[in-house]
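Visitor: Below you'll find the structure I mean.
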Amino acid sequence: MSSNIEIKLTPSGLHVPVKNNIFLHSAYDPIKEADNFLEKHINSLTTKDNILVLGFGFGYHIDAIYNYCNQQNLSPNIFILEPDQELISKAEELRSIKYANLITFTNLTDLFNDIKFAALLITKPYFLPHPASIASNETYFKNFLTFQASQKTTDVTKYIQDISLSSTIAQLENTDEINKIFEMKNFLSKEDFLLCAFSEMKKQGRDL
Amino acid sequence: MKKILFINLRRIGDIFFSTHLAQKLKVKYPHSSINYLAYKESAAAFDALTNIDNTYLIDRKTIITYAKSPIFPVHHAVNLFSDNIKKVTETKWDIIINFSNDPVGTHISSALKLFNPGAQILGTFHNERKKLTDSSTASQYLNECMATNAYSSVHLSDCYLNFAEGPLDTIKPNTFVKINSESNQNNFKRLNALRTNEITKLIGIQLMSSSTNKDIPMEVVANIAKKMIDLKIGLPLFLISNAPEEINYAKDLSNFIGTTITTISTSFEEISSVLLNLDLFVTPDTSVKHLADLLEVPMIEFLNSTSQLKQSSISVNNSILVNETKNNSETTSDLIFLIQKMLNPKITKTTTFNNSVLNVSFNEVGVFYNQDESCVASSSEYDKRFINKAILNRVLLKNKMELRRPLEIQKYSTKLFDQQLTKLKVETVTLSKLILNGLRSLLSGKSDKTNSREFLLTLTELLSLSEVEGFLRPLAINLKVKIESISDNNSEKNRKLLEAFFFEMKSQVSETNLLIKELESFKQSAPKNRFMEL
């Protein structure tokens, strides 16, 4: 993902990136700004196991979260979604920082196809949007928040690990047809029956 | 060694309950391995069980979340599902039991039948042509009648144990319940310390079930707890899990009673040793009830509806109180009496009993719930239940053993039983006429349009009986299933098949007539109607 990043220095000598003419942190005091940002989300930090920060910037707000969690003996898992690899590299270089759990997919389909990311979303993490990062990459984050997966079988069969199930699904026009296998076919194979079981399970509610 | 797989995609209590059949199979096939396919959310059941060789879990909740959310591509759900059942599909099974009898379990059974062509399937499955197939008449009854009847006349254990053939009694002791001697000793010491010189008995009360409809009303729980202490009957110990809603419920109960209550919060791993150290356990229909039943802990089961009797306690020393009055004060009084009676069988009732109390017993045809002598039978439900059970066993399963009269018919033979018997007679006459009409058309040799139309009308009327509740509905279902299995295009061959089905049904009706005579003899030999005296 190409971006137009400029680096500015605050009066106290801190590096602040400007991307697409948007300051990603305060030009005067990014640390104080990060503390203010943190204030708004403190309750969620104490109650949620997983936090997903949308936008990395130069990481001042991430520092504030980590510092607070250390002080309070909290240990939520903090994940950061930032598609701009160049921004991350510059922050690591200029600020000598290194964070784990950075998610850098530029392609949203690839992101949602990633089982680790899907497993994170299943836990209903607390979304913590960094407003300046989102403003500087509005299309990406808007598409992220409104993403819908493709229903085309051609888009999913290559990711299905069981070859027999994959080839059974490949015969269908779209993935919705998995729910109709029982009615559509006169003879059912073992893979058909497994997909029928899968489809029946989908009909169930959250509670047994 | 036989490899046996239980597909049990229901709740924790159903997993406990299924070990009755597992026990039976283990006796029949001593060198077998018992394995389970279950949902991950029921996995805690296996903490209380032992002697299960492998447990395969389906992470149902995650699969559903992946599958239902539009943000996730479907392959996440498919991959997780196929990964969860991979080892099950890769294993060669000798016996596959569709115990949960639900659509998911039935499709998995159908797939496994194709993975294991030589395997015996117990329960329901589809063949490759999508035909729903029942492994036995008991399985057919379970699948077609129990799921749709407003009440269930036959206990699930009778159907399930029939899967394995042979006698219908349960096998004791159940070797699948995990007994931890260290935990037993600890709980013995812990609970024994609660006994005093004045109050020597410990009475466990299960506070919550899976549904508020099943729970013992809080007012009743509070009142029996107070009376137990006031009358020095025993110390009430409230069993709860670690779930926040159960902890909060216990707090609410404590506030309601106005004093501190003794709760025991325990996991499934430890609960057996708690139950074994109780003098009596009072519980609604819960998973813990099924575990206590396996452990043969003296128990009073509290039901809000007779519809739950299909899965009630099957330990012969236990009692079931059916909360028919829905009057908390009357129910409290009945329950207190029953608790005293369970602790001291010699005690006699001096006041009127308001709800029905059933005692668990077995006879040749399975589990019976007899009315307790000291309690009123206020519903025709028990008569219906008895007649339905007799039809399943005598007519459908062809068990030729003598029927023993249940206590309520011996002692209280009522107008209600008479009414049910009359209904059965009317149904039998209707069915006889239809069968004779059908046979007349089939045997006349005519193949003209009028004859065919008449036959079709008769057949339609007969099959419509499979849709309405009635004593002879299972016979109509039996015919429907047979007719649906016809797949040949040869009309002469099909006519012969229909003839055979009709003759078989005719013999079932003859058997029903014999049964009616036998049931009438119960009525005639019964003493005068004590029902009216109460």
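The values are calculated or read from the model by the stated rules, or taken from the named source; none is laboratory data. Keep in mind it's a predicted model, so treat the numbers as computed, not measured. Because the Cβ atoms are built from the backbone with ideal geometry, glycine has one as well, and the counts that use them run over all protein chains shown. Ligands, DNA and RNA are stripped out before the accessible areas are found, and what is left, the full protein with its side chains, is counted by its heavy atoms. Shrake-Rupley method; radii C 1.70, N 1.55, O 1.52, S 1.80 Å.
Visitor: Can you tell me how much longer the chain between B:Asn317 and B:Lys482 gets when fully stretched, taken as 0.36 nm per residue apart minus their C-alpha distance, in nm with one decimal?
Guide: Values: separation 165, 0.36 × 165 = 59.40 nm, distance 4.08 nm.
Answer, rounded to one decimal: 55.3 nm.
Visitor: From other protein chains only, count the Cβ atoms within 10 Å of every residue's Cβ in B:79-86, then give the mean. All intermediate terms of the calculation are to be shown ahead of the outcome.
Guide: Details: counts 8, 4, 8, 10, 2, 0, 4, 2.
Across B:79-86, the average partner-chain Cβ count within 10 Å equals 5.
Visitor: For a paramagnetic label modelled at 7 Å from the Cα of B:Glu469 toward its Cβ, which residues of the range B:299-316 fall within the zone defined by backbone nitrogen distances under 11 Å?
Guide: B:307
Visitor: Across chain B, how large is the tail of the calculated P(r) beyond 38 Å, expressed as a percent of all Cα pairs? Don't jump to the answer; show the numbers that get you there.
Guide: Numbers: 52082 of 142311 pairs.
Percent of Cα pairs beyond 38 Å in chain B: 37.
Visitor: While we're here: How would B:Ile339, A:Ile163 line up by accessible area, probe 1.4 Å, largest first? Please list the in-between numbers first.
Guide: Numbers: B:Ile339 0, A:Ile163 140 Å².
Result of the area sort, largest leading: A:Ile163, B:Ile339.
Visitor: Across peptide A:160-167, how many C-beta atoms of other chains are within 10 Å of each residue C-beta, on average? Don't skip to the answer; put the middle values down first.
Guide: On the way: counts 7, 6, 8, 0, 2, 5, 4, 0.
Mean number of neighbouring Cβ atoms from other chains: 4.
Visitor: Run lengths n ≥ 4 of DSSP H only: what is the helix-derived mean residue ellipticity at 222 nm for chain B, with -39500 (n - 2.57) per run over all residues, to the nearest 500?
Guide: Working: 18 runs with 248 residues, N = 534.
Rounded to the nearest 500, the figure is -15000 deg cm²/dmol.
Visitor: Whole-Å semi-axes of the protein assembly as shown's equivalent ellipsoid, largest first, each the root of 5 times a Cα gyration tensor eigenvalue? Could the numbers behind the result be given before it?
Guide: Working: eigenvalues 659, 307, 88 Å².
After scaling each eigenvalue by five and taking roots: 57, 39, 21 Å.
Visitor: While we're on this one: Top to bottom by accessible area (1.4 Å), largest first, where do A:Ile103, A:Ile65 land?
Guide: Largest accessible area first, the list is A:Ile103, A:Ile65.
Visitor: Among all helices in chain B defined by DSSP H, which have a length of 30 Å or more along the axis from Cα atoms plus a Kyte-Doolittle mean of at least -1.0? Intermediate results must be reported in sequence, preceding the final value.
Guide: Working: long enough: B:415-443 (41 Å, 0.28); B:491-525 (51 Å, -0.60).
Long hydrophobic helices here: B:415-443, B:491-525.
Visitor: Another one. Using label points projected 7 Å from each Cα along Cα→Cβ, tell me how many nm separate A:Thr46 and B:Ser211, to one decimal.
Guide: 3.9
Visitor: Moving on to the next point. Between B:His31 and A:Ser189, take the C-beta separation as r, use R0 = 35 Å, and let me know the FRET efficiency to the nearest 0.05. Numbers along the way, then the final one.
Guide: Details: r = 33 Å, r/R0 = 0.94.
The pair B:His31/A:Ser189 has a calculated efficiency of 0.60.
Visitor: A further question follows. Mean 1/r over all different Cα pairs, inverted: what Kirkwood radius does chain A give, in Å?
Guide: Values: mean 1/r = 0.0504 Å⁻¹.
Kirkwood radius, chain A: 19.8 Å.
Visitor: If contacts are Cα pairs under 8 angstrom and at least 6 residues apart, what is the relative contact order of chain A in percent? Intermediate values should be presented prior to the final figure.
Guide: Numbers: 241 pairs, mean separation 35.6, N = 208.
Once divided by the residue count of chain A, the mean separation gives 17 percent.
Visitor: Ignoring ligands, DNA and RNA, please state the percent of accessible area on the protein assembly as shown from carbon and sulfur, probe 1.4 Å. List each step's numbers first, then the result.
Guide: Details: 16400 of 32970 Å².
Of the solvent-accessible surface of the protein assembly as shown, carbon and sulfur hold 50 percent.
Visitor: Okay, moving on. At a Förster distance of 60 Å, what's the computed FRET efficiency of B:Lys61 paired with B:Thr348, Cβ-Cβ distance as r, to 0.05?
Guide: Given R0 = 60 Å and the Cβ-Cβ separation, E is 0.70.
Visitor: Also, quick follow-up: What accessible area per residue comes out for the range B:7-121, rounded to a whole number of Å², with a 1.4 Å probe? Walk me through the numbers on the way to the answer.
Guide: Values: 3580 Å² over 115 residues.
Each residue of the range B:7-121 exposes 31 Å² on average to a 1.4 Å probe.
Visitor: Ok, one more. I'd like to compare A:169-178, B:214-223: which one has the highest average count of other Cβ atoms within 10 Å, and what's the full order after that?
Guide: Descending packing order for the listed peptides: B:214-223, A:169-178.
Visitor: Tell me, what is the FRET efficiency for A:Lys203 and A:Ala119 to the nearest 0.05, using R0 = 22 angstrom and their Cβ-Cβ distance as r?
Guide: Values: r = 23 Å, r/R0 = 1.06.
The computed FRET efficiency comes out at 0.40.
Visitor: What does the C-alpha gyration tensor say about the overall shape of the range B:181-376? Classify as rounded when a/c is under 1.5, otherwise prolate if a/b is larger than b/c, or oblate. Could the numbers behind the result be given before it?
Guide: Details: a/c = 1.37, a/b = 1.23, b/c = 1.12.
Judged from the Cα gyration tensor, the range B:181-376 comes out rounded (a/c under 1.5).
Visitor: Across peptide A:117-125, what mean number of C-beta atoms from other chains lies inside 10 Å of a residue's C-beta? List each step's numbers first, then the result.
Guide: On the way: counts 1, 11, 4, 0, 6, 7, 0, 1, 0.
Taking the mean over all residues of the peptide, I get 3.
Visitor: May I ask which of B:Lys24/B:Lys226; B:Lys172/B:Lys415; B:Lys389/B:Lys480; B:Lys2/B:Lys189 have a Cα-Cα span longer than 31 Å here?
Guide: B:Lys24/B:Lys226; B:Lys172/B:Lys415; B:Lys2/B:Lys189
Visitor: Moving on. Please identify, among A:Ile62, A:Ile122, A:Ile22, the residue showing maximal mean-square fluctuation in a Gaussian network model of chain A using a 10 angstrom Cα cutoff.
Guide: With Cα springs under 10 Å in chain A, the top fluctuation among A:Ile62, A:Ile122, A:Ile22 is at A:Ile122.
Visitor: Rounded, prolate or oblate: pick one for the range B:417-525, where a ≥ b ≥ c are the square roots of the eigenvalues of its C-alpha gyration tensor, a/c under 1.5 means rounded, and failing that, prolate if a/b is larger than b/c, else oblate. Kindly include the intermediate steps, with their values, before the conclusion.
Guide: Values: a/c = 2.39, a/b = 2.21, b/c = 1.08.
Prolate, because a/c is 1.5 or more and a/b exceeds b/c.
Visitor: Quick one: longest stretch of chain A between exposed loop trypsin sites (Lys or Arg not before Pro), exposed meaning at most 11 other C-beta atoms within 10 Å and loop per DSSP? Kindly include the intermediate steps, with their values, before the conclusion.
Guide: On the way: sites that count: A:Lys40, A:Lys98, A:Arg206.
Longest run free of exposed loop sites: A:99-205.
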